[in-house]
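Novice: I'd like to ask some things about the structure below.
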Amino acid sequence: MLQREYEVVPIKSSYESFINYSYLIIDQITRQAAVVDPAWDLEQICSLLKEKEANLVQLWLTHSHRDHVHLVKPLLDRFQPNVYMGAAEIEFYKYHCANLYPVYDQNAILLGNTLISCVWTPGHTTGSICYSLRGSLFTGDTIFTEGCGICTERGGDPRAMFHSMQKIRSRIHPDVLVYPAHSFGVSPGQPLRSLLENNIYFNIPDEEQFIAFRMRRNQPDSKSFV
């Protein structure tokens, strides 16, 4: 397993039909912290920051859907962190908030002594970003342990999703642990090699077949979260 010099704390929260996983990342030396896709439960996040004696300085947004940005403003009001989102996402969906910084493919972010690389992964949305650390990948709705994000909403593109998944396959070490924003039965934090073996979307090598399968009719409920 790749050695990590930071702590990952999954934060499970829910609202109506949504069950989301946000993540608290804490640099172990400086105690600087980031939250990935903050949603629904503000007090849980604040309690964890206090418990861990961590200082929230960054928010990493994988995309602009409501269940991924719901707590951005309350956290800005309390902690004034910098906010990172894909440049294409900001432009296409006209997302705005205070302290917002656009990021591009292979841009670097520094959280204390922890280096983060941005991976542009369009498909679920136009400007989706995965955040890659030594040993961890935070994927939002691009890939789940059990599948990949839907491509039917505005800005979605199954062809782009195919190429984004190939990018992850080629760029990310198979021992890296994958932390998606939703679970459909398997706990977050599985190694990428497990997804490469068991996730059907990683096992459709033909682009047109991938598109047809991703866009097929009568799919299971995309919100059957657990």
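Novice: Spot the failing condition for H68; the list is (1) touching an Asp or Glu at 6+ places or on another chain (Cβ under 9 Å); (2) more than 19 Å from P180 (Cβ to Cβ), and only one is missed.
Specialist: (2)
Novice: Check G189 against each of (1) under 30 Å from I29 (Cβ atoms); (2) surrounded by fewer than 21 Cβ atoms within 10 Å (Cβ to Cβ); (3) over 15 Å from the mean Cα position of the chain (by Cα) and name the one condition it does not meet.
Specialist: (3)
Novice: Can you pull out every residue in the stretch 57-114 that is surrounded by fewer than 13 Cβ atoms within 10 Å (Cβ to Cβ), aliphatic (A, V, I, L, M) and over 17 Å from F138 (Cβ atoms)?
Specialist: A98
Novice: Shifting gears a bit: Mind listing whichever residues of the stretch 156-182 are small (G, A, S) and modelled with pLDDT under 95?
Specialist: A181
Novice: When you look at I129, is it of a type in the set (V, I, T) and over 16 Å from D37 (Cα atoms), yes or no?
Specialist: Details: of a type in the set (V, I, T): yes; over 16 Å from D37 (Cα atoms): no.
Taking the combined requirement at face value, the residue does not satisfy it.
Novice: Let me ask another. Would you say D175 is within 22 Å of E7 (Cα to Cα) and of a type in the set (D, E, K, R)?
Specialist: Working: within 22 Å of E7 (Cα to Cα): yes; of a type in the set (D, E, K, R): yes.
When the stated conditions are applied, D175 passes them.
Novice: Mind checking which helices (runs of 4 or more DSSP H) fall wholly inside the stretch 113-219 and carry at least 2 residues that are touching a residue at least 12 places away in the same chain (Cβ under 8 Å) and either on the phi > 0 side of the Ramachandran plot or basic (K, R) (or both)?
Specialist: On the way: elements: 158-171, 192-198, 207-214.
Those helices (runs of 4 or more DSSP H) span 158-171.
Novice: Just wondering, is there one or more residues in the stretch 104-113 that are of a type in the set (A, V, I, L, M, F, W, C), within 25 Å of D157 (Cβ to Cβ) and within 19 Å of the chain's Cα centre (by Cα)?
Specialist: Kept after step one, since they are of a type in the set (A, V, I, L, M, F, W, C), are these residues of the stretch 104-113: 108-111.
Next, only the ones that are within 25 Å of D157 (Cβ to Cβ) stay: none.
There is no residue in the stretch 104-113 that is of a type in the set (A, V, I, L, M, F, W, C), within 25 Å of D157 (Cβ to Cβ) and within 19 Å of the chain's Cα centre (by Cα).
The values are calculated or read from the model by the stated rules, or taken from the named source; none is laboratory data. Remember, it's a predicted structure, so these values are computed and weren't measured experimentally. Heads up, the Cβs are rebuilt from the backbone with ideal geometry, glycines too, and the neighbour counts pull from every protein chain shown.
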